[in-house]
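One structure, pasted below without further comment.
The values are calculated or read from the model by the stated rules, or taken from the named source; none is laboratory data. Predicted model, so just to flag it, every value in this text is computed and none were measured. Counting neighbours? That spans all protein chains shown, and the Cβs are built from the backbone with ideal geometry, glycine included. Just the protein is used for accessible areas: all its heavy atoms, side chains included, with ligands, DNA and RNA removed. Shrake-Rupley method; radii C 1.70, N 1.55, O 1.52, S 1.80 Å.
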Amino acid sequence: MGKSITVKAETIEEAVRLALSITELKLEEVHIEVLSNPRKNLFGLRKTLAEVNVTQIIESPSATKKTQDRNLAIEQYLDRLVPTEGTNREWNDAQPLGGLSSAISKVAGARISNEKIDIQFLGKKYPIVVPGSNVNFSINGKQIKRQTIISPGDKVEVTVSDGLIPPHFEIQLIEHDMLAMLIFTPGKKVKHTLRDTEFEQVLHIEADEEIEYYNDLDPQVIVEHLKSLGIQKGLLFPAIKKVTDAIKPFETIVAKGVPPIEGLDGDLEMHIDYQEKTPGELEKVDFHEMNLIVSVEAGQVIATYIPPVQGTPGNSLLGKAIPVKKANDIVLRLGVNVTQVDNDIVAAISGKPSVEWRNKLVKIDVNHEFHHQGEVDMASGNIRFEGNVSIQGNIQPSMFVGATGTVNIGGSVTKATIHAMKSAVVKGNIFSSTISVGQHEFIIGELTTQLSEIKGYLELIQAAIQQILLIRGETDDSLSSAELNHLIRLLLEKKYTAFQDLNRHFLQKVKNHSLQLPVEWSEMAAKLYEVFITSENKQLKDMGGFELLIGEVKTLVELYGEKAAPKLYLSVPYAINSVLYSNGNIEVTSKGLYHSSVTAGHDIKVRGVCRGGEIIAANKISLQNTGSVNLIKTVVRTGEKGNITIGHAHAGTEIHVGNRAYTFTANEMGVFARLDDEGMLLIK
């Protein structure tokens, strides 16, 4: 053999002519082998080029004569098939090629025809078969799964088999075993058909696959599977039936447990608007029109008590009980001016209602309102009132105004003292005066801390008595009242000596502030005095009574451990050389503060200037202007979780956040100060 070349072109004749041009040989001097015929794919979108191998022939004279005669016929046929210019004529299987066809269509290869495999050999080339995953291909009875060369004499067989995949489902328990979710996959009927091919030296055998989905599930199969999981109740039969009708994958809930029904806490349905006015709203009050205005009339229903409704436990699909949280009741404390008729809370007098919430404790009363048309001076005398006080005029020097509710003043306050338990709003300016709001809240906080310590001692005493009884082999019922009191005295003298000092401090503090405290504090002080101070204790008759006392102490600590809502507040337009205190918020609405001490349990907001003095708040402080050009020292303090905002801070302004401090040496605009996560002072 001589020269050899493989060429691709759109048609076989173009490939042959290109190969002859490259090799500079004549048609009669070469052997032509067609490696692949030109064809288009299934949708006609892509064309496979024709590929031929042209090899130079070196033969004997007699063989050369035969080859010349054969190739002459091929050349004449090629001349007849050369497409005319402007046409797109190609060779294909529909066009008989005569002598050329018989010479070049013979190729070593294999094909699929009518679902059978045909093999033909040529020269020293052997067909190669690559079976697909969905066909069964065997050589000499042995199953073949990978690319294989076919040899002469091999017995080759290709078959396909249809498949049947039954429908499938699984059940998952979700939401803490409250729901059973079924995941369904339909069955498949799979039919395979071998795809016909042309002869190819490397034949890839593939089978077309046709899938039909089906579902022959019986509802009882699903029911039995649920029972095998322990699910006997809560089956959703319509959903189960829907599964057996489906022919597409889907998910559905086929069983449900019994969900728990949460209870409802006790509550109050209010029939009045009892919310306190904000300082901004109170600024709009016309203090020249302060006639007696009552919020409720005597006999009017203020609120209706709604008892708690306990919930209903649930059950999971596996029979496990699902408990519900116990519904809590409110603790209702009624003042002397209200009464309860069935579940209705009724006003006993005409006046302004007071409703105060502390977590689950709610206190309701109706306050008298005292309206003073003129000034508070030596002629009117000091004003102390159980309820709310409204004063039209000024408060003159050395005078005192106190109220267990709110205080509203239409004029100014000069060298006077104002105490309010709920809120105070002053329309005029404050000069060298002291105004406090909610000091009782501070006292209650201290008393709550002391009472919490007392509770700890009482629990220790109770545990010690029970241990003594255990050693004696006695029970709580065996103790007489005298023996119980004797044991308590011994324990206080020998083991818990610090308790008596703590108890006396608590009793004295309640006595000193009894007029500012709710009545339950005085009642608790009376019980502790009789049990632990007097010689004759009529409160405790047995250990059950001691346990009841501990429960009452615990309840009072829990109730007053929560801060009152709504927050208390003090609102003034301007103050100089004064002391302002509020256990809640303080707002200065006009000119600002000069050389004043201002303290708030929550927030402080000042419009105008703050020159000199000290401003202290536990939470947020917002100031427009601090200090002065004369370097007047102005101190601003907040807690470690608080922040300070200053519009214009003059040099000399000193700020404290927690235990961090900073003094401005130059004027600063837009100051915001707080502690970062590492506890360092951050000033922007």
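Return the equivalent ellipsoid semi-axes of the chain as a descending list in whole Å, where each equals the square root of 5 times an eigenvalue of the C-alpha gyration tensor.
102, 42, 26
Can you work out the PRE-style zone for Ser622? Point 7 Å along Cα to Cβ, and I want the residues of the stretch 571-588 with backbone N under 13 Å.
Within reach of a label on Ser622: 586-588.
Separate question: What order, most packed first, do the peptides 426-437, 547-558 have when packing is the mean number of other Cβ atoms within 10 Å of each residue?
The packing order, highest mean first, is 426-437, 547-558.
Here is a follow-up. Only helical DSSP H runs with n ≥ 4 go in: add -39500 (n - 2.57) per run for the chain, normalise by residue count and round the 222 nm mean residue ellipticity to 500 deg cm²/dmol.
Taken over the chain, the calculation gives -7500 deg cm²/dmol.
Compute the separation of the alpha-carbon centres of the stretch 459-533 and the stretch 231-266 and state it in Å as a whole number.
Value for the Cα centre distance between the two parts: 58 Å.
What full-extension length gain, to one decimal in nm, is calculated for Lys494 and Ile253 as 0.36 nm per residue of separation minus the Cα-Cα distance?
Stretched fully, the Lys494-Ile253 segment lengthens by 80.0 nm.
Would you mind classifying the stretch 339-465 by shape? Square roots of the alpha carbon gyration tensor eigenvalues, ordered a ≥ b ≥ c; an a/c under 1.5 is rounded, otherwise it is prolate if a/b is larger than b/c and oblate if not.
Values: a/c = 3.35, a/b = 1.64, b/c = 2.04.
Judged from the Cα gyration tensor, the stretch 339-465 comes out oblate (a/c at least 1.5, b/c at or above a/b).
Using the basic label-point model (7 angstrom from Cα toward the beta carbon), what is the Asn134 to Met669 distance in nanometres?
7.7 nm
If a/c stays under 1.5 just call it rounded; otherwise compare a/b with b/c (prolate if a/b is bigger, oblate if not). Do that for the stretch 418-477, with a ≥ b ≥ c from the square roots of the Cα gyration tensor eigenvalues. Mind showing how you got there, number by number?
Numbers: a/c = 9.97, a/b = 5.79, b/c = 1.72.
Prolate is the answer for the stretch 418-477, as a/c is 1.5 or above and a/b outweighs b/c.
Separate question: Measure off 7 Å from each Cα along the Cα-to-Cβ vector at Asp265 and Asp216, then give the distance between these two points in nanometres to one decimal.
6.1 nm
In nm, to one decimal, how far is the Lys320 label point from the Glu24 one, both placed 7 Å along Cα→Cβ?
With each label placed 7 Å out from Cα toward Cβ, I get 9.2 nm.
Then there's this: Defining a contact as two alpha carbons under 8 Å apart and six or more residues distant in sequence, what relative contact order in percent does the stretch 552-684 show?
About 14 percent, as a whole number.
So, one more: By how many nm would the segment from Ile57 to Gln147 grow when fully extended, if each residue of separation counts as 0.36 nm and the alpha-carbon distance is taken off?
Stretched fully, the Ile57-Gln147 segment lengthens by 29.1 nm.
Which whole-number percentage describes the relative contact order of the stretch 381-513, with Cα contacts under 8 Å and a sequence gap of 6 or more?
For the stretch 381-513, the relative contact order is 15 percent.
Rounded, prolate or oblate, given the Cα gyration tensor of the stretch 138-278, with a/c below 1.5 counting as rounded?
It comes out prolate by the Cα gyration axes.
Using each residue's phi in the stretch 258-266, evaluate 6.51 cos²θ - 1.76 cosθ + 1.60 at θ = phi - 60° and report the 3J(HN,Hα) Karplus result to the nearest Hz, with x for Gly and Pro.
Karplus-based 3J(HN,Hα) across the stretch 258-266 equals 8, x, x, 9, 5, x, 10, 5, x Hz.
Taking only protein heavy atoms and a 1.4 Å probe, what accessible area per residue, in Å², does the stretch 148-270 have with all protein chains in place? Please list the in-between numbers first.
Values: 7470 Å² over 123 residues.
Ligands and nucleic acids excluded, the result is 61 Å² per residue.
Right, something else. For a quick check: with amide H placed at 1.01 Å from N, whose amide H comes under 5 Å from Ser354's, ignoring anything fewer than 5 positions away on the same chain?
Hits under the 5 Å cutoff: Asp365, Val366, Asn367.
Using amide H atoms built in the peptide plane, which far-off residues or other-chain residues are under 5 Å from Cys610 H to H?
Leu593, Asn625, Thr626, Gly627
Could you point to the residue in Tyr305, His486, Gly132 farthest towards the positive end of the chain's charge dipole, with +1 and -1 charges on the Cβ of Lys/Arg and Asp/Glu respectively?
Gly132
Another one. Let me check something: with ligands and nucleic acids excluded, how do Phe672, Phe442 order by accessible area (1.4 Å probe), largest to smallest?
On the way: Phe672 70, Phe442 110 Å².
These residues rank, largest area first, as Phe442, Phe672.
Sticking with this structure for a sec: Past 19 Å, Cα to Cα, is the threshold; run Lys422/Lys620; Lys363/Lys422; Lys116/Lys155; Lys352/Lys422; Lys620/Lys641; Lys155/Lys189 against it and keep the listed order.
Among Lys422/Lys620; Lys363/Lys422; Lys116/Lys155; Lys352/Lys422; Lys620/Lys641; Lys155/Lys189, the Cα-Cα distance tops 19 Å for Lys422/Lys620; Lys155/Lys189.
How large is the dipole of the stretch 103-229 about the Cα centre if only Lys and Arg carry +1 and Asp and Glu carry -1, each at its Cβ, rounded to the nearest 20 debye? Each step should come with its number before you reach the end.
Working: 14 positive and 19 negative charges, 208 e Å.
Dipole size: approximately 1000 debye.
Quick one: compute the contact order of the chain, relative version, from alpha carbon pairs under 8 angstrom and 6+ residues apart, as a percent.
6 percent
Can you figure out the FRET efficiency of Lys242 with Ala327, using R₀ = 35 Å and their beta-carbon distance, to the nearest 0.05?
0.35
Please give the peptides 646-654, 596-604, 454-462, 313-321 ranked by average Cβ packing (other Cβ atoms within 10 Å per residue), highest first, as a rough proxy for protection.
Answer by packing, highest mean first, reads 596-604, 646-654, 454-462, 313-321.
Return the sequence-ordered ³J(HN,Hα) values of the stretch 594-599 in whole Hz as given by the Karplus equation 6.51 cos²θ - 1.76 cosθ + 1.60 applied to θ = phi - 60°, using x for Gly and Pro.
Computed from phi, the couplings for the stretch 594-599 are 10, 6, 10, 9, 10, 10 Hz.
Assuming 0.36 nm per residue, please report the length gained on full extension of the stretch His176 to Leu515 beyond their Cα-Cα distance.
116.6 nm
Could you give the distance between the Cα centres of the stretch 160-211 and the stretch 421-454, to the whole Å?
79 Å
Within the accessible area of the chain, what % is carbon and sulfur when the probe is 1.4 Å and the other protein chains stay in place?
So the carbon and sulfur contribution to the accessible surface is 51 percent.
How many angstrom lie between the Cα centre of the stretch 567-640 and the Cα centre of the stretch 119-157?
98 Å
Let me ask something additional. Pairing the Cα long axis of helix 61-81 with the longest principal axis of the chain, what angle in degrees results, from 0 to 90 and rounded to the nearest 10?
Tilt of helix 61-81: around 60 degrees.
Okay, moving on. About its Cα centre, what dipole magnitude does the chain give when the only charges are +1 on Lys and Arg Cβ and -1 on Asp and Glu Cβ, stated in debye to the nearest 20?
Magnitude of the dipole: close to 1360 debye.
Under the rule of at least 5 residues apart or a separate chain, name every residue whose amide H is placed under 5 Å from the amide H of Ile349.
Placed amide hydrogens put Gly299 under 5 Å from Ile349.
Any idea of Ser628's accessible area? Nearest 10 Å², probe 1.4 Å.
The accessible area comes out at roughly 10 Å².
Using each residue's phi in the stretch 322-335, evaluate 6.51 cos²θ - 1.76 cosθ + 1.60 at θ = phi - 60° and report the 3J(HN,Hα) Karplus result to the nearest Hz, with x for Gly and Pro.
10, x, 10, 5, 5, 6, 8, 9, 7, 9, 9, 10, 9, x
Based on the Cβ-Cβ distance of Leu631 and Met680, what FRET efficiency does E = 1/(1 + (r/R0)^6) give at R0 = 35 Å, to the nearest 0.05?
Efficiency at R0 = 35 Å is approximately 0.85.
For Phe442 and Asp344, FRET efficiency with R0 = 30 Å and r from the beta-carbon atoms, rounded to 0.05?
0.30
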